[in-house]
Amino acid sequence: MENAIAVKATEVNATNDLANKISQDAQQVVGTIMGNLITERKAWEHQELTRSNDRLYGLLQSCYSLYKSMNSISAEAMSLKKGFNEFCKQQNWVFKDSTHLLVKIVRCVFGDDRRRVSSYATALRGAAEQNIGVLDIPAFFKEKGGVEEVRRSKSATYQSAKQKAEIGMSAMEGEVLVEFHSDKLAAQFTASEYNGAVILMATREPSGSFAVRRLIQNGTAITTALSSLSSAVKKEQEKKAPEVKAANDATMRDTAIETAVNA
């Protein structure tokens, strides 16, 4: 029995050591990437700012590539994101929880010029919303007439986090992945703060199970989470659109036939 416990403890320690190593490696990788980008930005500002936008588009392409690499829930993306957050702490960058990841990346690379950060980040978010590929970023900006033109066109269709959250809320009416009862969770739940959704913070255990650690009802956090679902909801609706149209067409056809028969 003692041997079995010792083996289990060894396995857990090995898993934790591996996770820590991956996290440390990711932090080092992100630190190197960000250091190179900042060096490139300084070179561009001092030497090429007035001569060409090509270097700028290349820098923005690199920012966009890093964003794409972290914009998922894969183990690699989560490790990179953790490394990026650690880099921000080391550089004394402080961001709100609701700050978009692209804004964070652009601000780290281009510094604390709010107008420029807003312009570049907004343009890149516009590219992301149009699903522009990383390799196509320079051509995308050139075809649109520059970063500022992309920013302006993006603002015309811009949706606030609250508007996106309203779209994302429909996901709360979708398929139930798991349902369970917990007295501990119920004790932390505040009915007066409930507006249709809560956040359950969980970790994935070595056994493969998920352990719920916290229940969150903070309005800002929930709005951010729901707004992140809006693009997925839109894609699901676009995918279902042909099926809905076919069903409506079939209903109209059957109605027309029935009317003709009964005439």
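Return a yes/no flag: does segment 192-200 have any residue that is within 30 Å of Ile105 (Cβ to Cβ) and of a type in the set (Ser, Thr, Tyr).
Our first condition is that a residue be within 30 Å of Ile105 (Cβ to Cβ); within segment 192-200, this holds for 197-200.
Pick out the ones that are also of a type in the set (Ser, Thr, Tyr) and you get none.
No, segment 192-200 contains no residue that is within 30 Å of Ile105 (Cβ to Cβ) and of a type in the set (Ser, Thr, Tyr).
Is segment 168-189 home to any residue that is in the same structural domain as Phe95 (by TED's automatic domain parsing) and among the hydroxyl-bearing types (Ser, Thr, Tyr)?
Filtering segment 168-189 down to residues in the same structural domain as Phe95 (by TED's automatic domain parsing) leaves none.
No, segment 168-189 contains no residue that is in the same structural domain as Phe95 (by TED's automatic domain parsing) and among the hydroxyl-bearing types (Ser, Thr, Tyr).
Would you mind finding the one in Leu200, Leu215, Leu177, Leu226 that is surrounded by fewer than 10 Cβ atoms within 10 Å (Cβ to Cβ) and farther than 25 Å from Leu59 by Cβ?
Leu177
The values are calculated or read from the model by the stated rules, or taken from the named source; none is laboratory data. Given the structure is predicted, the values throughout are model-derived calculations rather than measurements. Here the Cβ is made from the backbone with ideal geometry for all residues, glycine too, and neighbour counts use every protein chain on show.
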